[in-house]
Amino acid sequence: MRLSILQVTGIVVLIQFFFSCKKNDNEVFLNAAPYYPLNSGTVWFYRLDSTTIPAFGASLITRSYHIKDSVGSSFNDNTGRESWLVYRFITDTLEEDPWQSLSTYYVTPTAKDVEVVDDNNLRFIKLISPVSEGRTWSGNSYIDTRSLSSLFSYLDGWEYEYDSINLPFQTLAGTIDSSITVKQQDETSPEGPFDPQYYQQRNYSVEVYAYNKGLIYKNFLHWTWQPTPEPARYEDGSYGIVLNLLRIKQ
């Protein structure tokens, strides 16, 4: 049976509409919560590369460990929202030494976002719904970054952005099929290459989350180089961490 030109045109339009909707489902209507699944007993294992300041502060050094983040029980926060405790433990990269408690944080997933309160009681808005390419938000808006007594002024004004929606990402655990990248900050002030004669601050942060798996990669770096008064040095509070997923126990 032959199809008329009108019928063929209609079929083409339907196919285009189907794929257009399919793209929108992936890029616009994704809820953030599945990218940070929280179930009691879930454990994430990561390699941690920790950047710190050695004695005298004239350089940065990196040491490596394994850590595990174990989801504990749920509770209601001070606004009545269900939240989950996560306990962090640390050991050597061969996992020969006993695991030692390192810190505790908690996660609050809501219909509009996923918030994480760290062991310094800093609340970060890690993810927002819906997940959409290029969408931005003020991820550090709950943090005091502007008072004279604040130790976290370097977190001021960060604009988080969704990038690379539903793309594969390579981790130490292997290739993760569906991930989203959250660009948080990439700033050098003043701009230009590092010169030890001059003051400079560097802030960089990116996180990657996988569907039904959670955080699979994190790269954070903050340092401030102060040439005066002598001796020139990295300021206290300069540090960096890289987390790379090793395995998940669910």
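The values are calculated or read from the model by the stated rules, or taken from the named source; none is laboratory data. In this text, all values refer to a predicted model and were calculated from it rather than measured experimentally. Every residue, glycine as well, gets a Cβ built from its backbone with ideal geometry; the counts of neighbours run over all protein chains shown. Accessible surface areas use protein heavy atoms only, side chains included; no ligands, DNA or RNA. Shrake-Rupley method; radii C 1.70, N 1.55, O 1.52, S 1.80 Å.
Looking at segment 108-250, how many pairs of lysines come closer than 17 Å at the Cα, when each pair is eight or more places apart or spans two chains?
6
For labels at Thr136 and Ala58 in the simple 7 Å Cα→Cβ model, what's the distance in nm?
4.1
With a 10 Å cut-off between alpha carbons and a GNM built on the chain, which of Val182, Val208, Val117 moves the most?
Of Val182, Val208, Val117, the Gaussian network model singles out Val117 as fluctuating most.
May I ask for the angle, rounded to the nearest 10°, between helix 5-27 and the longest principal axis of the chain, with both axes built from Cα atoms and the value confined to 0 to 90°?
20
Give the carbon-plus-sulfur fraction of the accessible surface of the chain in %, rounded to a whole number; probe 1.4 Å, heavy atoms of protein chains only.
It is 53 percent, rounded to a whole number.
Compute the FRET efficiency between Asp186 and Thr110 as 1/(1 + (r/R0)^6), taking r as their Cβ-Cβ distance and R0 = 22 Å, and round to the nearest 0.05.
Given R0 = 22 Å and the Cβ-Cβ separation, E is 0.20.
Provide the per residue accessible area, probe 1.4 Å, for the chain, rounded to a whole number of square angstrom.
For the chain, the solvent-accessible area averages 57 Å² per residue.
What does the helix-only formula give at 222 nm for the chain: each DSSP H stretch with n ≥ 4 adding -39500 (n - 2.57), the total divided by the residues, and the result rounded to the nearest 500 deg cm²/dmol?
Mean residue ellipticity, 222 nm, calculated: -3000 deg cm²/dmol.
Take peptides 147-154, 218-225 and line them up by average Cβ neighbours within 10 Å, highest first, as a rough protection proxy.
Ranking the peptides 147-154, 218-225 by packing returns 218-225, 147-154.
Select from Lys213, Lys126, Lys112 the residue whose mean-square fluctuation is largest in a Gaussian network model of the chain (Cα-Cα springs shorter than 10 Å).
Lys112
Suppose R0 equals 22 Å; then what is the FRET efficiency for Arg81 and Asp118 from their Cβ-Cβ distance, rounded to the nearest 0.05?
For R0 = 22 Å, the calculated efficiency reads 0.80.
Taking θ = phi - 60°, what integer Hz values does the Karplus form 6.51 cos²θ - 1.76 cosθ + 1.60 yield along segment 94-100, in sequence order, with x for Gly and Pro?
Taking θ as phi minus 60°, the curve returns 8, 6, 8, 7, x, 5, 10 Hz for segment 94-100.
Calculated from the structure, Cα Rg over 2.2 N^0.38 Å equals which of (i) 0.97; (ii) 1.33; (iii) 1.23?
Entry (iii).
So if R0 is 41 Å, what FRET efficiency would Glu235 and Asn212 give, r being the distance between their Cβ atoms, rounded to the nearest 0.05?
After rounding to 0.05, the efficiency reads 0.55.
Springs between alpha-carbon atoms under 10 Å, Gaussian network over the chain: tell me which of Tyr142, Tyr204, Tyr160 tops the mean-square fluctuations.
Most flexible of the set in this elastic network: Tyr142.
Using 7 Å Cα-to-Cβ label points, what is the Leu172/Ser74 separation (nm, one decimal)?
Spacing of the two 7 Å Cα→Cβ label points: 3.1 nm.
Simple spin-label model, 7 Å along Cα-to-Cβ: Ser164 to Asn219 in nm?
0.8
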